[in-house]
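Peer 1: Got a structure here, written out as structure tokens. Questions coming.
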Amino acid sequence: MTRDVCIVGAGAAGAGAAYALRDTNSNVTILEKSRGVCGRAATRRKNGCRYDHGANYIKNHDQRTTQLIRDLGEDGLVDVEKPVWTFDGDGVISTGDARDQYKWSWTEGITQLAKRLLAQTDAAVERETQVAAIDHNPDTGYWSVVDATGTRRGPFDVVLLTPPAPQTAAILTETGWGNQCMVGLREAIGSVEYRTIRTIVLHYPFEREEPWYALVNTDKEHDIGWVAREECKDGHVPDGESLLVVQLSPEWSTEHYDDPLSEVAPDVADMVAALLDDDRLRDPDWVDDQGWRYALPNGVANREIIRRGEPNGLYFAGDWTVGEGRVHAALWSGIEAGERIANG
Ligand SMILES: Cc1cc2nc3c(=O)[nH]c(=O)nc-3n(C[C@H](O)[C@H](O)[C@H](O)COP(=O)(O)OP(=O)(O)OC[C@H]3O[C@@H](n4cnc5c(N)ncnc54)[C@H](O)[C@@H]3O)c2cc1C
């Protein structure tokens, strides 16, 4: 019997779940708040450049991730070969360890992950559709989903929620379902907090050479958390140009989250110039930014509790369900949720 499945969110987890359901008797509808897919694994195009301004790359964390990425097609797959080095609160740069791992994106950007997964499915993706609430009909056992304009969709046999925990918790506060597991679900999901990151993009009309692709602040004592050279990804930055993706620390990002870009960009450019000891970097020819209110989970939701809704068709996936703010972790949480739905 065909089952109607609604997936909320088209990030790595939501796309992974749809992929896992592709050859099953499931009618899959994905409702996605934003215009694009892949969530925090995001790519933007501007002035002839393409840059991954959320997640920087996917690691070949394990064999199954490596296999899946390769199965999605090697055309356009980019491995960032240069290493990630480190720096401390005093701005002292050190060589990173010699981890020999792939760091993957695509020439078209990291959003290719969700695009390629979804291309193998029949899932209907409704973009710019923000889910506000879900409801359970106790007589039929079906779910319905209400968007921010009040439009109701359904009935669905299964609903899978994949937004970051605080956004999933907000949907659950508006959920009409008298089942006693709701108290535990709301508590478990509401308890997962996220760190905030603001990304500032700095572009320069000249090339720079460095032995590294990115620098990460390991002692968490610097206002800059991460700086990456997007030109190390094939097809992202034209020859003769440089583009730095700078992620600020959670403390700095929270304090300056709403400050205008025109105010913060000069300060960030000065910090980067000091860190990289290159005064030319004080003067980017254009800048860009993105705030990630819910960037990385600080914890994990209790796995046993968040599965209590599954017998009634309510599932959860996403990085907060596995406690690891990583694309591959979110992806597999979604694939495994899809497999449980298929077997449920
Ligand atoms: C700045 C930054 C850098 C990072 N760097 C890396 C990295 O280098 N490597 C790495 O592996 N990971 C990195 N991460 C973490 C990684 O991006 C995430 O862990 C992963 O992408 C999470 O995927 P997800 O599907 O769980 O959630 P998301 O990607 O957040 O997907 C959830 C989706 O739900 C949608 N949504 C939210 N609310 C609603 C609603 N009410 N209705 C409908 N849709 C909704 C969102 O728009 C989004 O598309 C980084 C994250 C950030 C922010």
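What follows draws every value from the coordinates through simple rules; no lab data is involved. Remember, it's a predicted structure, so these values are computed and weren't measured experimentally. Please note: Cβ atoms are built from the backbone with ideal geometry, for glycine as well, and neighbour counts cover all protein chains shown.
Peer 1: So what are the ³J(HN,Hα) numbers for segment 130-136, from phi and the Karplus equation (6.51, -1.76, 1.60; θ = phi - 60°), rounded to whole Hz, Gly and Pro as x?
Peer 2: Result, ordered by residue: 8, 7, 9, 7, 10, 9, 10 Hz.
Peer 1: If amide hydrogens are placed 1.01 Å from N in the peptide plane, which non-local residues have theirs closer than 5 Å to the one on I7?
Peer 2: Residues meeting the criterion, in which the H sits 1.01 Å from N, are T29, I30, L31, L160.
Peer 1: Same structure, new question: How would you rank T66, T321, going from fewest to most other Cβ atoms within 10 Å of each one's own Cβ?
Peer 2: Ascending number of Cβ neighbours within 10 Å: T66, T321.
Peer 1: For n ≥ 4 DSSP H runs only, could you compute -39500 (n - 2.57) per run for the chain, divide by its residues and tell me the 222 nm figure to the nearest 500? All intermediate terms of the calculation are to be shown ahead of the outcome.
Peer 2: Values: 10 runs with 92 residues, N = 344.
Estimated from H runs of four or more residues: -7500 deg cm²/dmol.
Peer 1: I've got another one for you. DSSP loop trypsin sites (Lys or Arg not before Pro) in segment 6-115 with at most 10 other Cβ atoms within 10 Å of their Cβ, which ones?
Peer 2: Values: sites: R22, K33, R35, R40, R44, R45, K46, R50, K59, R64, R70, R99, K103, K115; in loops: R22, K33, R35, R40, R99.
Those that pass, being in a loop and sparsely packed, are R35, R99.
Peer 1: Where the centre of each part is set by its Cα atoms, how far does segment 211-261 sit from segment 127-170, in angstrom?
Peer 2: A separation of 36 Å, based on Cα centres.
Peer 1: Per residue of segment 166-174, what does 6.51 cos²θ - 1.76 cosθ + 1.60 with θ = phi - 60° give for ³J(HN,Hα)? Whole Hz please, x for Gly and Pro, Karplus curve as stated.
Peer 2: Karplus values, whole Hz, x for Gly and Pro: x, 6, 5, 4, 5, 5, 5, 5, 9.
Peer 1: For the residue pair R64 and N298, what label-to-label distance in nm results when each label sits 7 Å from Cα along the Cα-to-beta-carbon direction?
Peer 2: Label at R64, label at N298, 3.0 nm between them.
Peer 1: Let's test the formula: R0 of 25 Å, r as the Cβ-Cβ distance of S262 and N47. What FRET efficiency results, to the nearest 0.05?
Peer 2: Efficiency, from the Cβ-Cβ distance: 0.90.
Peer 1: In the Gaussian network model of the chain, springs joining C-alpha atoms below 10 Å, which of G48, G154, G109 carries the largest mean-square fluctuation?
Peer 2: In this elastic network of the chain, the residue with the biggest mean-square fluctuation among G48, G154, G109 is G48.
Peer 1: Which order do E221, E310 fall in if you start with the one that has the fewest other Cβ atoms within 10 Å?
Peer 2: Ranked by crowding around the Cβ, least crowded first: E221, E310.
Peer 1: A further question on this structure: Could you grab the relative contact order for segment 1-140? Cα pairs under 8 Å, six or more apart, rounded to a whole percent.
Peer 2: Numbers: 222 pairs, mean separation 48.7, N = 140.
Rounded, it is 35 percent for segment 1-140.
Peer 1: In whole Å, how far is the Cα centre of segment 3-37 from that of segment 57-83?
Peer 2: Computed from Cα coordinates, the inter-centre distance equals 22 Å.
Peer 1: Tell me which lysines have Cα within less than 28 Å of K220's Cα, excluding those fewer than 8 residues away on the same chain?
Peer 2: Within reach: K59, K82, K103, K233.
Peer 1: Here's something else I'd like to know. What number, in percent, do you get for the relative contact order of the chain if the mean sequence gap of Cα pairs under 8 Å and at least 6 apart is divided by its residue count?
Peer 2: 24 percent
Peer 1: Moving on. Quick one: length gained pulling I305 to N137 fully straight, 0.36 nm per residue minus the C-alpha distance?
Peer 2: Full-extension gain reported as 58.3 nm.
Peer 1: Okay, moving on. Given labels modelled 7 Å from the Cα in the Cβ direction, how far is it in nm from Q120 to D234?
Peer 2: 2.1 nm
Peer 1: Continuing with the same structure: What is the gain in length, in nm to one decimal, between E81 and S191 on full extension, counting 0.36 nm per residue of separation less the C-alpha to C-alpha distance? Intermediate results must be reported in sequence, preceding the final value.
Peer 2: Values: separation 110, 0.36 × 110 = 39.60 nm, distance 3.82 nm.
Gain on stretching E81 to S191: 35.8 nm.
Peer 1: What shape does segment 1-160 take by its C-alpha gyration tensor, where a ≥ b ≥ c are the square roots of the eigenvalues and a/c under 1.5 counts as rounded, a/b above b/c as prolate, and the rest as oblate?
Peer 2: Note, shape of segment 1-160 comes out prolate.
Peer 1: GluC sites (Glu not before Pro), restricted to segment 14-110: which are DSSP loop and have at most 10 other Cβ atoms within 10 Å?
Peer 2: Those satisfying the criteria are E74, E81.
Peer 1: Any chance you could get the radius of gyration and Dmax over the Cα atoms of the chain, in Å?
Peer 2: Answer for the chain, Rg first and Dmax second: 20.9, 68 Å.
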